[in-house]
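Only the coordinates and a few stated rules stand behind these numbers; no lab work does. All values derive from a computational prediction rather than experimental measurement. Cβ atoms come from the backbone with ideal geometry, glycine included; neighbour counts cover every protein chain shown.
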Amino acid sequence: MKNLVRIIFLLAVITVLIGISSCAEETSCSLDGRPMLRCYLYTLAPNTITAKKDTLDSLTVTAFGTDSIIINNQKKVHDIALPLRYTKDSTIFVIHYSATLTDTIIIGHSNTPKFISMDCGYQMQQSIISKSYSKHKLDSIYISNKDANTDGTENLKLFY
């Protein structure tokens, strides 16, 4: 009788372990996230060429030609993450500093689909090809890394 109980207990443990291990191999397609352009804000110290990190009091960012609000009245902004369009080879951002003061940034980029897996499908790899911008409050933009990423690596330095 004791052997029968041990066998049933052993089969139950094996069944539970198989069930847990099958769940552990399940892939999560959302772990990588969507690649974004990470932009940090800088200012040039007067009479030098030294860049110092900067902070804007308030910032709203919208996508030109849409009703999409990417950042909505964020306070104490020192960095922003911007998504690039998958369906076009350029993305236009409107940076709103106040109700009347804006700058426009146009990012030309390549979109290259990369196969991830059968479960997850494709992810778009995006690289900056060109940039242009207005200079109402924004002084200049420097591309520090052309590839959009998910790890927080700086892509653009925005100088004010």
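Got a sec? How would ARG38, ARG85 order by Cβ neighbour count within 10 Å, fewest to most?
ARG85, ARG38
Straight-line reach from LYS88: which lysines fall under 22 Å, measuring Cα to Cα and dropping same-chain residues less than 8 apart?
Of all the lysines, those that pass the test against LYS88 - Cα under 22 Å, at least 8 places apart if same chain - are LYS114, LYS131, LYS146.
Residue by residue through the range 78-87, which ³J(HN,Hα) values in whole Hz follow from phi under the Karplus form 6.51 cos²θ - 1.76 cosθ + 1.60 (θ = phi - 60°), with glycine and proline marked x?
10, 8, 9, 10, 10, x, 9, 6, 7, 8
Can you compute the modelled spin-label distance between ILE116 and ILE143, with each label point 7 Å from Cα toward Cβ, in nm?
It works out to 2.5 nm between the two label points.
What does the net charge come to around SER110 if you take all other residues with beta carbon closer than 14 Å to its beta carbon, with K and R at +1 and D and E at -1?
Net charge in that neighbourhood comes out at +3.
Determine the dipole magnitude for the range 37-159: charges of +1 sit on the beta-carbon of Lys and Arg, -1 on that of Asp and Glu, nothing else is charged, the reference point is the Cα centre, and the result goes in debye to the nearest 20.
In total the dipole reaches around 220 debye.
Could you pull out every residue, at least 5 positions away or on a different chain, whose amide H is within less than 5 Å of the one on LEU84? Hs are placed 1.01 Å off N in the peptide plane, and Pro or chain starts have none.
LEU37
Could you name the lysines in cross-link range of LYS137, using Cα to Cα under 23 Å and dropping any fewer than eight places away on the same chain?
The reachable lysines, counting only those whose Cα sits under 23 Å from LYS137, are LYS52, LYS53, LYS75, LYS76, LYS157.
What is the range 94-155 by shape, rounded, prolate or oblate, if you read a ≥ b ≥ c off the alpha carbon gyration tensor as root eigenvalues and call it rounded for a/c under 1.5, prolate for a/b larger than b/c, and oblate otherwise?
Taking the square roots of the gyration eigenvalues as a ≥ b ≥ c, the range 94-155 is prolate.
Quick one: net charge around LEU138, please, counting Lys, Arg +1 and Asp, Glu -1 for every other residue with C-beta under 13 Å from its C-beta.
Counting the neighbours of LEU138, the net charge comes to +1.
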